[in-house]
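For reference, the structure is listed below as structure tokens.
The values are calculated or read from the model by the stated rules, or taken from the named source; none is laboratory data. Just so we're clear, the structure is a prediction, and the values are computed from it rather than from any experiment. Cβ placement follows ideal geometry from the backbone for every residue including glycine, while neighbour counts extend to all protein chains displayed. Accessible surface is based on the protein model in full, side chains and every heavy atom, while ligands, DNA and RNA are left aside. Shrake-Rupley method; radii C 1.70, N 1.55, O 1.52, S 1.80 Å.
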Amino acid sequence: MSEACEHIKGLTADNFPTPKIDNAWEDCLVEGSVWVALRECRTCGHVGCCDSSPRKHATRHFHETQHPVMRAGPPASWTWCYVHETQGVLS
């Protein structure tokens, strides 16, 4: 695992806002598409499907907003910085 960048170093679950919809992503629900796993944006709380999902909404959200950090949905406890392409672990 790479050394954590300044965007993800020392993050805890408390650093993330409450998601608008629990265990689902609005775009997948609206489109009727399926997801493999969910990712939560640290900046705004949007929940997007992972890159293993057909629509890759979490990465699309980063490209549209430049919000740099997401975390893997529970029970996982890792984070990802899109800017530095670095994985971290919640403290």
Within region 27-59, residues of a type in the set (Lys, Arg) and either farther than 14 Å from PRO17 by Cα or open to solvent by 60 Å² or more (accessible area, probe 1.4 Å) (or both) come out as ARG42, ARG55, LYS56
PHE62 versus (1) exposed (fewer than 15 other Cβ atoms within 10 Å of the Cβ); (2) in a helix (DSSP H, G or I); (3) not basic (Lys, Arg): which is the lone unmet condition? (1)
For region 1-26, enumerate the residues that are modelled with pLDDT of 80 or more and open to solvent by 90 Å² or more (accessible area, probe 1.4 Å). GLU6, LYS9, ASP14
For region 65-87, enumerate the residues that are out of contact with any Cys (no Cβ under 7 Å at 6 or more places or on another chain) and part of a strand (DSSP E or B). ARG71, ALA72, TRP78, THR79, TRP80, GLN87
Evaluate the following for ARG71: is it among the charged types (D, E, K, R) and touching a residue at least 60 places away in the same chain (Cβ under 8 Å)? yes
Just give me the residues in region 67-79 being closer than 16 Å to CYS5 by Cα and open to solvent by 70 Å² or more (accessible area, probe 1.4 Å), in sequence order. TRP78
